[in-house]
């Protein structure tokens, strides 16, 4: 990878999954800054916080569906209400264990979702996402 991303935001309530995903992101060397939110509300608060300046604005959000407090669907409903400067062209990927076709269809109904992937996150998956959304072809 030629350039690093500012930051990646993992939104998942499972500590083991976050540990593995964080490790995988570090191994891919696409970003040194990984922020973890354990539910949608924490993620929204992070995106809206004053300390979240452009240098730490995530380039990618990996979002789980099933979480306590605020699940992935509830997060998306609120996320789409944020001003453009808070969303700032973030690539949002649903990252879930759900194989339910209804979830895939529902995900497609949100304009802010760039993709839907199944866990676990892999280096190859990260490389594909970075290449698709961040590498400029010459």
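The values are calculated or read from the model by the stated rules, or taken from the named source; none is laboratory data. No experiment lies behind these values; they were computed from the predicted model shown. Cβ atoms come from the backbone with ideal geometry, glycine included; neighbour counts cover every protein chain shown.
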When you look at residue 109, is it at pLDDT 85 or above and surrounded by fewer than 17 Cβ atoms within 10 Å (Cβ to Cβ), yes or no?
yes
Return a yes/no flag: does region 66-76 have any residue that is surrounded by 14 or more Cβ atoms within 10 Å (Cβ to Cβ), out of contact with any helix residue (DSSP H, G or I) (no Cβ under 6 Å at 6 or more places or on another chain) and within 16 Å of residue 8 (Cβ to Cβ).
no
Go through region 119-130 and count every residue that is touching a strand residue (DSSP E or B) at 6+ places or on another chain (Cβ under 7 Å) and either without any contact (Cβ under 8 Å) to a residue 60 or more places away in the chain or crowded, with 18+ Cβ neighbours inside 10 Å (or both).
3
From the list 46, 133, 116, which residue is in a helix (DSSP H, G or I) and either within 12 Å of the chain's Cα centre (by Cα) or surrounded by 17 or more Cβ atoms within 10 Å (Cβ to Cβ) (or both)?
46
Under 8 Å between Cβ atoms, at least 6 apart or on separate chains: pull out the pairs that start in region 81-103 with a residue that is at positive phi and end on any residue that is surrounded by 15 or more Cβ atoms within 10 Å (Cβ to Cβ) and assigned to a loop (DSSP other than H, G, I, E, B).
88/57
From the set of residues in region 70-99 that are at pLDDT 90 or above and in a loop (DSSP other than H, G, I, E, B), which is nearest to the chain's Cα centre (by Cα)?
90
Yes/no for residue 25 being crowded, with 19+ Cβ neighbours inside 10 Å and at pLDDT 95 or above:
yes
Here the residues within region 6-36 that are in a loop (DSSP other than H, G, I, E, B), under 14 Å from residue 127 (Cα atoms) and touching a helix residue (DSSP H, G or I) at 6+ places or on another chain (Cβ under 7 Å) are 30, 31
